[in-house]
């Protein structure tokens, strides 16, 4: 019975988190700021439809005009080249929301950021693998297994140096 109560509580909290805006945000109705925030985060412009559903429960109807004005300002901030790199490095998904005049430079930097993310992830994986092999070597008694581990450690060292050179090369050749 206790487990069921916990499940019901978790379900209630989970469902309450589905609304895109709180009652207070809906009632305040600062649609220009809400649009700006959504644009700045790179959300699709259709996000207003989700907000409209959330706010309808509170008898509030969004101002699409003010939302769109704010969104158009926010999306231009989101679509900056430096943010493209940041979004890529954070491995976040790009929803193809940038205006045509900003998208090429944003995408170039986004793809560059994704390459940095991928290279960094490979380095971290190689380091983890290397540490595990070194830990195994410390406790291993069998000389044949120790020789195999030493060989694997050497190969991982080589791989790690190559990955670090690749990462440094990427850093040296950042888009302008």
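Given the condition under 16 Å from the mean Cα position of the chain (by Cα) and farther than 30 Å from residue 48 by Cα, answer yes or no: does some residue in region 120-139 qualify? For region 120-139, residues under 16 Å from the mean Cα position of the chain (by Cα) and farther than 30 Å from residue 48 by Cα: present.
It is to be established whether one or more residues within region 60-70 are in contact (Cβ under 8 Å) with a residue 24 or more places away in the chain, in a helix (DSSP H, G or I) and assigned by TED's automatic domain parsing to the domain that holds residue 173. No; the residues of region 60-70 include none that is in contact (Cβ under 8 Å) with a residue 24 or more places away in the chain, in a helix (DSSP H, G or I) and assigned by TED's automatic domain parsing to the domain that holds residue 173. Out of all the residues in region 165-175, is one or more closer than 30 Å to residue 44 by Cα and either surrounded by 17 or more Cβ atoms within 10 Å (Cβ to Cβ) or not assigned by TED's automatic domain parsing to the domain that holds residue 38 (or both)? Yes, there is a match, as at least one residue in region 165-175 is closer than 30 Å to residue 44 by Cα and either surrounded by 17 or more Cβ atoms within 10 Å (Cβ to Cβ) or not assigned by TED's automatic domain parsing to the domain that holds residue 38 (or both).
Can you tell me which residues in region 84-106 are surrounded by fewer than 16 Cβ atoms within 10 Å (Cβ to Cβ) and either in contact with a helix residue (DSSP H, G or I) (Cβ under 9 Å, 6 or more places away or on another chain) or part of a loop (DSSP other than H, G, I, E, B) (or both)?
Selection gives 86, 90, 91, 92, 93, 95, 96, 99, 100, 101.
Do the conditions hold for residue 35, that is, is it assigned to a helix (DSSP H, G or I) and in contact with a helix residue (DSSP H, G or I) (Cβ under 7 Å, 6 or more places away or on another chain)? The answer is yes for residue 35.
Taking the listed residues 166, 162, 148, the one that is farther than 30 Å from residue 73 by Cα and in contact with a helix residue (DSSP H, G or I) (Cβ under 7 Å, 6 or more places away or on another chain) is 166, with no other qualifying.
Yes/no matrix, rows are residues, columns are (1) modelled with pLDDT under 90; (2) closer than 30 Å to residue 109 by Cα; (3) within 17 Å of the chain's Cα centre (by Cα):
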site	(1), (2), (3)
19	yes, no, no
22	yes, no, no
26	yes, no, no
35	no, yes, no
70	no, yes, no
80	no, yes, yes
90	no, yes, yes
94	no, yes, yes
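For residue 72, are the conditions met, namely being loosely packed, with under 15 Cβ neighbours inside 10 Å and at positive phi? For residue 72, the condition - loosely packed, with under 15 Cβ neighbours inside 10 Å and at positive phi - is not met.
The values are calculated or read from the model by the stated rules, or taken from the named source; none is laboratory data. From a predicted model like this one, the values you see are computed outputs, not experimental measurements. Heads up, the Cβs are rebuilt from the backbone with ideal geometry, glycines too, and the neighbour counts pull from every protein chain shown.
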